[in-house]
Amino acid sequence: MRRRLIGLAVLALLAAACTAGGGSSGPVQTVDPNANHAPVTLTVWSDFSARELGVVTDGLKLATKKYPWLTVKHVGSKDDQAIQRAINGGTPPDVAISFTPDNAARYCATGAWQDLNPYLQSSKVDKNQVWPAGVFSYTSFEGKQCALPMLTDAYGLYYNTDLFKAKGISSPPKTMSELTDMAKKLTEYNPDGSIKVAGFVPLFGFYGSTTVDTMSHAFGAKWYDDQLKPTLSTDPNWAKMFQWQKSMVDAIGYAKLQKFAAKLGGANSEFSAQNGFETGKIAMMLDGEWRNAFIEGDKSKVNYATAPFPVDDAQSDLYGSQQIGGTIAGIPKGVKHSAESWLLLQFMTTDDNYLTTIAHGLKNVPSTVTSLKDPQLQADPKFKTFLDVFANPKSTFKPITPIGQTDTDLLGTFGEKWQAGQVKDLQAGLKSIDQQISKQLQLG
Amino acid sequence: MATVVERPTTASEQAAQAERRRRRRRSAWRRQWVALAFMSPWIIGFSAFYVYPMISSLYFSFTRYDILSQPKWVGFNNYRFMFTSDPLFWVAVRNTLWIIAVMVPLQVIFAIFTASVLTRVRRGLPFYRTVFFLPTMVPLVAAALGFIYLLNPAGPINRILGFLHLPQPLWFVDPSWTKPGLVLIALWGIGQTMIIFLAALLDVPRQLYEAADIEGANPWQKFRHVTLPMISPVIFFSVLIGMIQGFQYFTQAFVISKAGDRTHEVGYPQDSLLFYTSRLYQQGFEGFHMGYAAALSWVLFLVIMVFTVILIRSSRRWVHYQGGFR
């Protein structure tokens, strides 16, 4: 009897384990924004904290102003894992905000975040008119639009105008050859041979923006083919990018660059007043639009300007574009007020007043075509560069896949080994990464 | 010769006996239920938070599972993938074995050395004991962040090394120096082990040293043949706990890899800080391969079990228990 009971209990536990997850889909309902509505409180989860949490919470008050029956409760410090646990536990927030667009494919593929296409159609929102084309590279997967952008990041070149002037350089580089030449010209050495001022630090893993993603964009390198098969070893632009990067590293010296980066404070100095560009020790740097706010906030005295990041000499049509991608928002499966959640999400991702308000507060790029034209943001030429990069039709995020950040992690580590001279055969190395990514994709 | 003649029982006596048996059984059941009622908080907790997750994770290890959708049975695929198709699995295994082989013995040696020094302190022992124990109170994340500052290439330790005209390693930036950096953190936080060794050292009978003195033993011989055998149970305990913690090493390496730059991959730089549990985390929470992560955790569980059994078996040869008790 006892054995039978234990057996039943084990079976029950296994059955419970087997039924984890799941969900359903059906026709969507939307709320008439002009009609009267009973009071509703919706919860929004995000990973914002401290000052930024306040900016977004204040911004969300505009939703209540527009829809007086709607109360929004904004909860910060909720990362993707917390959101996934809540979805799995059946108590998701009404609207979820994520800082990790790499995860959007997983949300789309599993249905963890609802497909918004039916909502968009029902509310007659023409997504191709509302957002620049690049946003769909990190908000949709296999035809499912399970997220929408709420502000974004765009990358470009920051350059020190004083150092440029001192070396007689009048304009920023537009091609990688120009970047190489200028970097060499701008690099200064101490009497002991160590770097005093770096023209450009090409090391992967130094600051967060100099990554295989951003650098590959400058060479038009493609991650996957149409069948989601990795193309690192078959697209020659990858080898071209890695060879250019290594030649830059070797021209100065890997050890010297490592020591220089380390003396700046390494990665820890990136978001501090010790940042190499802000202290005038780096002449050119690839970075996101947020650096403008940090330069101001850190009271840096650096005189600088911004421009699109240079591109491969043979692909000048890429100039003006770079990697883009940032905060995404969606409706988790299992929400109780899906129609109201959609109204709030629509507000958060399409209302220009809301987007420009929080864009001013967070110093990020607003994400709709119309909000990009905000006169206050357009008036600052240093910030305008990033608005233009975002609006450029060739600007994209790297392709998203169900394995999240695994592909960038694998290639990132490969890049670190490559620049350190530990990879003897580049092509074989890229082929090995292709195989590893394929196996990870097969693992599901 | 006496003979016993069984008296035939009457029906009423049989009924009374049956009633007594029933009462005894009922009373035994009641006692069992009362005991179960008192134990129920533990039983519920143990079943919900230990048995259920273990059985679930074992089941998930044979599935393709991403938390968000239904698990799909894949048999031994995850286990096969681990040993034949995941090169980073072996990198993680190598790094983990390095930490166990280098860090654990150094921790034990340093703890014995520190405790030995403290046994010779004549004044202010409580103060020194507190000073050495204090790092144990610091949370692991805070300790790791503190050492990131201390071992920053431009930080205070390297400035002192520079002042002394000694080489200044790049510590957590240079893959060949990352694990030695972790060893330094471990040695700094030796307090708990040191306190146990201090108690063990103070517990060694004085007369054994006196006998060794009479035999003309030198300090090393006294340490080798008296102290070490007498504290061997504590050494065994420290090695066992250290080994298990070494297999599960995660927090400090994760914080150091990710600190300062969230775009750094787990194990940065160049996978030098990719430990077994880091790989498990990476697969489970970044790659959404929860089934594979469950398989990794079961292999880890089994490996720890095997190593623990080996260590316990080997202890019979080198651990000396006073009074011969084991």
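So the values come out like this:
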| quantity | calculated |
| --- | --- |
| Order by protection proxy (mean Cβ within 10 Å, highest first), peptides B:169-181, B:35-47, A:396-408 | A:396-408, B:169-181, B:35-47 |
| Mean-position separation - Cα centroids, region A:218-270 and region B:163-189, in angstrom | 26 |
| Contact order normalised by residue count of chain A, Cα under 8 Å, 6+ apart, percent | 26 |
| Shape box of region B:180-247 [Cα atoms, principal axes, largest first, Å] | 44, 21, 17 |
| Value of relative contact order over chain B, rounded to a whole percent, pairs C-alpha under 8 Å and six or more apart | 26 |
| In Hz, Karplus ³J(HN,Hα) per residue of region A:414-429 (6.51, -1.76, 1.60; θ = phi - 60°; x = Gly, Pro) | 4, x, 5, 5, 4, 5, 7, x, 8, 10, 7, 10, 4, 4, 5, x |
| Where trypsin sites (Lys or Arg not before Pro) fall in DSSP loop in region B:116-167, at most 13 other Cβ within 10 Å | B:120, B:122, B:123 |
| Residue-wise HN-Hα coupling along region A:361-366, computed from phi with Karplus coefficients 6.51, -1.76, 1.60 (Hz; x: Gly, Pro) | x, 8, 6, 10, 8, x |
| Ranking of A:295, B:312, B:231 by count of other Cβ atoms within 10 Å, fewest first | B:312, A:295, B:231 |
| Convex hull volume per residue in cubic angstrom - Cα atoms of region A:25-100 | 112 |
| Eligible lysines near residue A:373 by straight Cα distance, threshold 18 Å, same-chain separation 8 or greater | A:127, A:363, A:382, A:384 |
| Cut-off under 5 Å, modelled amide H: who pairs with residue B:63 long-range | B:74 |
| Kyte-Doolittle mean at least 0.5 and Cα axial length at least 27 Å: DSSP H helices in chain B | B:228-247, B:290-318 |
| Shielding by partners, peptide A:410-422 (average Cβ within 10 angstrom, other chains) | 3 |
| Using alpha-carbon coordinates, inclination of helix A:236-252 to the longest axis of chain A, degrees | 50 |
| Rounded to the nearest 20 debye, dipole of chain B from Cβ charges on Lys, Arg, Asp, Glu | 1420 |
| Distant-in-sequence amide H partners of residue A:326 (H built 1.01 Å from N, under 5 Å) | A:153 |
| Dipole magnitude of the protein assembly as shown, debye to nearest 20 (Cβ charges: Lys/Arg +1, Asp/Glu -1, about Cα centre) | 3640 |
| Region B:216-326 - convex hull of alpha carbons, volume per residue in Å³ | 134 |
| Exposure proxy ranking, count of Cβ atoms within 10 Å, fewest first, for A:187, A:152, A:327 | A:187, A:327, A:152 |
| Cross-link pairs A:167/A:259; A:66/A:333; A:246/A:281; A:394/A:439; A:165/A:424 - those with Cα-Cα distance over 28 Å | A:394/A:439; A:165/A:424 |
| GluC sites (Glu not before Pro), loop per DSSP, at most 10 other Cβ atoms within 10 Å - longest free stretch of chain B | B:7-214 |
| Per-residue average of Cβ from other chains inside 10 Å of A:139-152 | 0 |
| Tail weight of P(r) past 27 Å, computed on alpha-carbon pairs of region B:85-324, percent | 46 |
| Amide proton proximity set for residue A:311, modelled H, under 5 Å, gap of 5+ | A:175, A:176 |
| Whole-number Å³ per residue for the convex hull built on Cα positions in the protein assembly as shown | 270 |
| Vicinal HN-Hα couplings computed from phi for region A:298-311 (Karplus, 6.51 cos²θ - 1.76 cosθ + 1.60; Hz; Gly/Pro x) | 7, 6, 5, 9, 5, 9, 8, 9, 10, 7, x, 6, x, 10 |
| Projected-area mean, region A:125-208, by convex hull of Cα positions, square nanometres | 9.0 |
| Net charge of Cβ neighbours under 14 Å - reference residue A:78; Lys, Arg +1; Asp, Glu -1 | -3 |
| Shielding by partners - mean other protein chain Cβ count within 10 Å, residues of B:61-68 | 6 |
| Relative exposure of A:362, A:345, judged by other C-beta atoms within 10 Å (fewest first) | A:362, A:345 |
| Loop sites in region B:167-272: trypsin sites (Lys or Arg not before Pro), DSSP, at most 13 other Cβ within 10 Å | B:262 |
| With Cα atoms, 0 to 90° folded angle of helix A:338-350 axis to chain A main axis | 20 |
| Rounded to whole Å, sorted largest first: equivalent-ellipsoid semi-axes of chain A, Cα gyration tensor | 41, 29, 20 |
| C-alpha center-to-center spacing [region A:96-155, region A:285-355] in angstrom | 14 |
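FYI, it's all coordinate maths here, none of it is from the lab. Model, not experiment: these values are computed from the prediction. Using ideal geometry, Cβ is built from the backbone for each residue, glycine included, and neighbour counts are taken over all protein chains shown.
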